[in-house]
1. Please go through segment 109-126 and pick out each residue that is open to solvent by 70 Å² or more (accessible area, probe 1.4 Å) and at pLDDT below 95.
2. Return yes or no: is Leu77 over 16 Å from Trp156 (Cα atoms), open to solvent by 30 Å² or more (accessible area, probe 1.4 Å) and within 25 Å of the chain's Cα centre (by Cα)?
3. From the set of residues in segment 1-52 that are more than 30 Å from Leu77 (Cα to Cα), among the β-branched types (Val, Ile, Thr) and at pLDDT 90 or above, which is most open to solvent (accessible area, probe 1.4 Å)?
4. If a residue must be over 10 Å from Ala54 (Cα atoms) and either of a type in the set (Gly, Ala, Ser) or modelled with pLDDT of 85 or more (or both), how many such residues does segment 135-149 contain?
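The values are calculated or read from the model by the stated rules, or taken from the named source; none is laboratory data. All of these numbers come straight from a predicted model, not from anything done at the bench. Accessible surface is based on the protein model in full, side chains and every heavy atom, while ligands, DNA and RNA are left aside. Shrake-Rupley method; radii C 1.70, N 1.55, O 1.52, S 1.80 Å.
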Amino acid sequence: MAYQDPVAPPAPPRPTTVTLAVVVLAVLALGGTAYAIVGLAVVGGVLDRYRELAAAAGATAAEIDSLAVLPVGLAVLATILALAVAGLLLVLARGLARRQAVARLVTWLVSATGLLCGGVTLAVVVAQRAVSPDFVFDPVDTTVVTALAEAYPRWWLPLGAALPVAQVLGYLVVALLLCSPAANRYFRRTARPASPAPAADVWR
């Protein structure tokens, strides 16, 4: 008598903790991308205002041009990095939703890296506010650096400070959610039951 292989047990329902981790990853991806796109949108106005402020402060054309490429380069670099990170986070979110254990491990690594990068970014923002340009640059450079800082909209710096804080909190929440007992049970693969040995044919 022939026997069929037993059917693998169905996957357990996705726990709320894993669903929340997926949502937080998606929000982090969209938030970083939106911030980079906003940076690209405002860079044109920043350059125009920077040239006006630097010229009014007495900076020469060469001094103004020496720093004019910085906001454009930063905006383009931030957009490229944001799109790359967003793509990675969305891939990880999809893997978590599909119960892939490797996605969980990579998410932990990415979360640790995100926590470190967010902390460093926040420290840099705080240092920019605490340290005077005169302490870092010579008097000629200070003129154009100050003009560039003042050329950004007033809401730009608070937004730039809020982003790393949200990033740190988001990655911390994701890591904790994926450490929950419900997540452990969800990603633990159950072994397929062994096929029973066929009984001897007593009629042969």
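1. Thr113, Leu116, Val120, Val124, Val126
2. yes
3. That would be Thr16.
4. Matching residues across segment 135-149 total 1.
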